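**Q** Just dropping this structure here.
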Amino acid sequence: MKVLFSVLLLFSIETQARVFNITESSFATYFKGSYGLSNIKKDPYGKSSGAQTEFSDSVDFNWGGEIGFVFPSKDYSFKVGMAIIAPHSPSGIKGKDSGGAELMSLDSSVYGFFPVAHFEYYVAKNNFGRTYISFGGGYGKVSLKNDYTLTAAGDALYSTPNSFSEKSSQYTYLIETSVGYEMSFVQAVTVTFDLGYRYSAARKLKYDGAGDDFSDGHAEGDQVLDSDGKSKTLDLGGVFTGLSFRFYFN
């Protein structure tokens with residue numbers, strides 16, 4: 001009985017020693033996924049081919065992902081990583097004239113890649129969790145690709161090839177602010193929920209190579225213009241919510 005009691009006591013002490021205390025951690029890695037409303041709507045393609053083409057599909061939400069490192073202290077954390085924002089574009093988008101005749105179909109994709117840094121300040125905390133406000137952002141590249149395929153009616157209306165692609169990009173800023181809660185999950189792993197707003201706008205996209213478009217074609221480095229002569233603008237911002245896991249090394 002004494003031997004059994006001693007074993008149980010030692011096990012209990014060892015178990016208590018392994019209890020994770022979030023306030024004593026000093027380094028972690030993390031990965032994060034996010035989902036949010038998109039401000040981009042039809043901007044990647046809606047005005048490229050002129051007023052005679054109408055598109056019913058719109059980009060309504062953004063996917064996001066992030067991976068990096070966390071350096072926590074008593075009252076705040078500093079986080080650095082790499083983030084991606086990917087507005088969700090439906091495939092096979094149809095462009096039709098005012099009478100409903102199909103002129104073209106297209107696949108459109110937009111991606112933003114950003115090295116990022118965030119500062120998190122803890123407004124409330126205990127041994128098992130903490131509430132924080134976060135400010136941060138980065139500077140990276142936004143890329144746009146539109147792949148067009150014209151129908152017979154589209155061929156008759158436009159002077160472009162039956163099938164062609166437009167690729168463009170721009171370096172721009174990403175700014176984010178959010179409020180979140182981090183709590184213990186298992187062992188030295190925590191789970192974090194946050195809600196915030198991000199801003200990132202590409203207003204001076206330039207073509208990544210010469211090619212065809214709905215005007216007279218373009219050269220590499222030319223600024224991307226819509227059919228109304230204005231610069232094409234992509235707004236990757238919007239309200240978002242995120243879920244992340246952090247893996248601490250005490």
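The values are calculated or read from the model by the stated rules, or taken from the named source; none is laboratory data. Treat the numbers as computed from the prediction; the structure is a model and nothing was measured. Glycine gets a Cβ as well: all are built from the backbone with ideal geometry, and neighbour counts include every protein chain shown. Side chains included, ligands, DNA and RNA excluded: accessible areas come from the protein's heavy atoms. Shrake-Rupley method; radii C 1.70, N 1.55, O 1.52, S 1.80 Å.
**Q** Restricting attention to strands (runs of 3 or more DSSP E) lying wholly within the stretch 60-178, give those where 2 or more residues are within 22 Å of the chain's Cα centre (by Cα).
**A** Numbers: elements: 76-87, 93-96, 102-125, 129-150.
Here the list reads 76-87, 102-125, 129-150.
**Q** With the condition kept exactly as written, say whether any residue in the stretch 7-19 is open to solvent by less than 100 Å² (accessible area, probe 1.4 Å), in a loop (DSSP other than H, G, I, E, B) and at pLDDT below 90.
**A** First, the residues of the stretch 7-19 that are open to solvent by less than 100 Å² (accessible area, probe 1.4 Å): 7, 9, 12-15, 17, 19.
Checking which are in a loop (DSSP other than H, G, I, E, B) leaves us with 19.
Now narrow it down to the ones that are at pLDDT below 90: 19.
There is at least one residue in the stretch 7-19 that is open to solvent by less than 100 Å² (accessible area, probe 1.4 Å), in a loop (DSSP other than H, G, I, E, B) and at pLDDT below 90.
**Q** So, of the residues in the stretch 220-236 that are open to solvent by less than 50 Å² (accessible area, probe 1.4 Å), assigned to a loop (DSSP other than H, G, I, E, B) and of a type in the set (D, E, K, R), which turns out to be nearest to S168 (Cα to Cα)?
**A** So, considering only residues that are open to solvent by less than 50 Å² (accessible area, probe 1.4 Å), assigned to a loop (DSSP other than H, G, I, E, B) and of a type in the set (D, E, K, R), the one nearest to S168 (Cα to Cα) is K232.
**Q** Would you confirm, using the coordinates I've provided, whether N39 is polar (S, T, N, Q) and open to solvent by 50 Å² or more (accessible area, probe 1.4 Å)? Write out each step before concluding.
**A** Details: polar (S, T, N, Q): yes; open to solvent by 50 Å² or more (accessible area, probe 1.4 Å): yes.
So N39 fits the description; yes.
**Q** Now for a different question. I'd like to verify a number: residues in the stretch 34-50 that are part of a strand (DSSP E or B) and of a type in the set (K, R), how many? Break it down stepwise before answering.
**A** Quick first cut of the stretch 34-50, residues part of a strand (DSSP E or B) only: 34-41.
With of a type in the set (K, R) added as a condition, the list becomes 41.
Total meeting the criteria: 1.
**Q** Restricting to the stretch 156-193, give me the number of residues that are open to solvent by less than 70 Å² (accessible area, probe 1.4 Å), touching an Asp or Glu at 6+ places or on another chain (Cβ under 9 Å) and not hydrophobic (A, V, I, L, M, F, W, C).
**A** Residues meeting the conditions: 11.
**Q** Could you say which residue among P90, P72 is open to solvent by less than 80 Å² (accessible area, probe 1.4 Å) and either without any contact (Cβ under 8 Å) to a residue 40 or more places away in the chain or polar (S, T, N, Q) (or both)? Please lay out each step first, then the result.
**A** Details: P72 fails: either without any contact (Cβ under 8 Å) to a residue 40 or more places away in the chain or polar (S, T, N, Q) (or both).
Of P90, P72, the one residue that is open to solvent by less than 80 Å² (accessible area, probe 1.4 Å) and either without any contact (Cβ under 8 Å) to a residue 40 or more places away in the chain or polar (S, T, N, Q) (or both) is P90.
**Q** On the basis of being at pLDDT below 90 and out of contact with any helix residue (DSSP H, G or I) (no Cβ under 6 Å at 6 or more places or on another chain), does S49 make the cut? Talk me through it step by step, then tell me what you get.
**A** Numbers: at pLDDT below 90: no; out of contact with any helix residue (DSSP H, G or I) (no Cβ under 6 Å at 6 or more places or on another chain): yes.
It is false that S49 is at pLDDT below 90 and out of contact with any helix residue (DSSP H, G or I) (no Cβ under 6 Å at 6 or more places or on another chain).
**Q** Any chance you could count how many residues in the stretch 118-143 are more than 20 Å from G237 (Cβ to Cβ) and surrounded by 20 or more Cβ atoms within 10 Å (Cβ to Cβ)? Full working, then the answer.
**A** Applying the first criterion (more than 20 Å from G237 (Cβ to Cβ)) to the stretch 118-143 yields 120-132.
Narrowing the set further to residues that are surrounded by 20 or more Cβ atoms within 10 Å (Cβ to Cβ) leaves 120, 130, 132.
Final tally of qualifying residues: 3.
**Q** Looking only at the stretch 51-62, which residues are open to solvent by 80 Å² or more (accessible area, probe 1.4 Å) and of a type in the set (A, V, I, L, M)?
**A** Result: A51, single match.
This table checks each residue for (1) at pLDDT below 90; (2) loosely packed, with under 14 Cβ neighbours inside 10 Å.
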site: S25; (1), (2): yes, no
site: G33; (1), (2): no, yes
site: P44; (1), (2): no, no
site: G64; (1), (2): no, no
site: I67; (1), (2): no, yes
site: K79; (1), (2): no, no
site: I85; (1), (2): no, no
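**Q** Test S48 against the criterion of being open to solvent by 80 Å² or more (accessible area, probe 1.4 Å), under 23 Å from L103 (Cα atoms) and of a type outside the set (F, W, Y), and give yes or no. Before the answer, list the steps.
**A** Numbers: open to solvent by 80 Å² or more (accessible area, probe 1.4 Å): no; under 23 Å from L103 (Cα atoms): yes; of a type outside the set (F, W, Y): yes.
So S48 does not fit the description; no.
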